[in-house]
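J.: Dropping a structure here in structure tokens format, bear with me for questions.
The values are calculated or read from the model by the stated rules, or taken from the named source; none is laboratory data. All figures in this text were calculated on a predicted structure; none of them were measured in a lab. Here the Cβ positions follow ideal geometry from the backbone for every residue, glycine too, while neighbour counts run over all protein chains shown.
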Amino acid sequence: MLGRIAVAAIVAGAVAGVFFWAAHTIKVVPLVIQAEVYEEQSAGGSRAHNHASDRATGKAVQAEEEWTPASSIERVAYTLIADLLLSIGFAFVLCSAFAISGRAIDWREGTVWGIVAFVAVYVSPVLGLAPELPGMQASDLHARQAWWLSAAVAGAVGLALAFLARPIWLRVGGAVFVVVPHLIGAPVHELHAGPVPAELAAQFAVASLAVTGFFWVVLGACAGYAFERMQKT
């Protein structure tokens, strides 16, 4: 049983990961590259100002270097690897959930599960923390990660109870559980003018939503199909 789940997850994750990588590369990566240009221009201006001040006060000037992909090919390769690993990981979660549910799963049922997972893992957290481009302002990283994780877990557990539980009180409790992180509230920070244009940030938010939704639909369908085939062998 575990072997079949693993095979189904790897196959479905690999197929969905390639589609995710293609959509990611076409729709999201160009916006990230544009944001990096604005970020570099802003950082360059700040460094020039700081270096001028250092020279004026006689301080030593040190170059600051940050790692970036050496070429477009390197960026594409790293993006593909990351998307494949992410997709296979989520495929394992979906296929395991299929097995635990005990339901008959095919590609149609898998698609529905994918959509529900998209709402739980992405839409719910995004309602509190919007996707961020390089150079955008943000609150403390650890606080954001903790809240995002809590919202995703609460969304997944809450929706699972709302759709799969039999007692009505568990279904209602699941629906309430989804909104608990939002009642607590996501981390906030003081807003200042940043280098990234608002139009670019809006495009990135829409593109991220569309690409991630596409990914979960494809992953759900692929996982459902692969799971069904593995159960028949």
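J.: Return the residues of the stretch 86-131 that are free of Cβ contacts under 8 Å to residues at least 60 places away in the same chain, buried (at least 16 other Cβ atoms within 10 Å of the Cβ) and more than 19 Å from VAL217 (Cβ to Cβ); say none if nothing qualifies.
T.: GLY128, LEU129
J.: Within the stretch 17-31, track down each residue that is among the β-branched types (Val, Ile, Thr) and surrounded by 18 or more Cβ atoms within 10 Å (Cβ to Cβ).
T.: VAL28
J.: Against the conditions (1) of a type in the set (Val, Ile, Thr); (2) buried (at least 18 other Cβ atoms within 10 Å of the Cβ); (3) modelled with pLDDT under 90, where does VAL76 fall short? Just the number, please.
T.: Result: VAL76 fails condition (2) only.
J.: Go through GLY128, GLY213 for me and flag whichever is small (Gly, Ala, Ser) and out of contact with any Pro (no Cβ under 9 Å at 6 or more places or on another chain).
T.: The conditions single out GLY213.
J.: Okay, moving on. In the stretch 126-142, what residues are in a helix (DSSP H, G or I) and under 14 Å from GLY213 (Cβ atoms)?
T.: Once the filter is applied, which keeps residues that are in a helix (DSSP H, G or I) and under 14 Å from GLY213 (Cβ atoms), the stretch 126-142 yields only VAL126.
J.: While we're looking at this one, here's another question. May I ask you to list the residues in the stretch 186-203 that are surrounded by fewer than 14 Cβ atoms within 10 Å (Cβ to Cβ) and either more than 23 Å from the chain's Cα centre (by Cα) or at pLDDT 85 or above (or both)?
T.: GLU190, LEU191, HIS192, ALA193, GLU199, ALA202
J.: Next question, about the same structure. Contact list please: Cβ distance under 6 Å, first residue in the stretch 210-221 and touching a residue at least 12 places away in the same chain (Cβ under 8 Å) and over 17 Å from SER124 (Cα atoms), second residue polar (S, T, N, Q) and assigned to a helix (DSSP H, G or I), pairs at least six apart or on different chains.
T.: Hits for this filter: GLY220/THR111; ALA221/THR111.
J.: Tell me yes or no: at least one residue of the stretch 204-223 is surrounded by fewer than 19 Cβ atoms within 10 Å (Cβ to Cβ), touching a helix residue (DSSP H, G or I) at 6+ places or on another chain (Cβ under 8 Å) and more than 29 Å from VAL15 (Cβ to Cβ).
T.: Checked the stretch 204-223: no residue is surrounded by fewer than 19 Cβ atoms within 10 Å (Cβ to Cβ), touching a helix residue (DSSP H, G or I) at 6+ places or on another chain (Cβ under 8 Å) and more than 29 Å from VAL15 (Cβ to Cβ).
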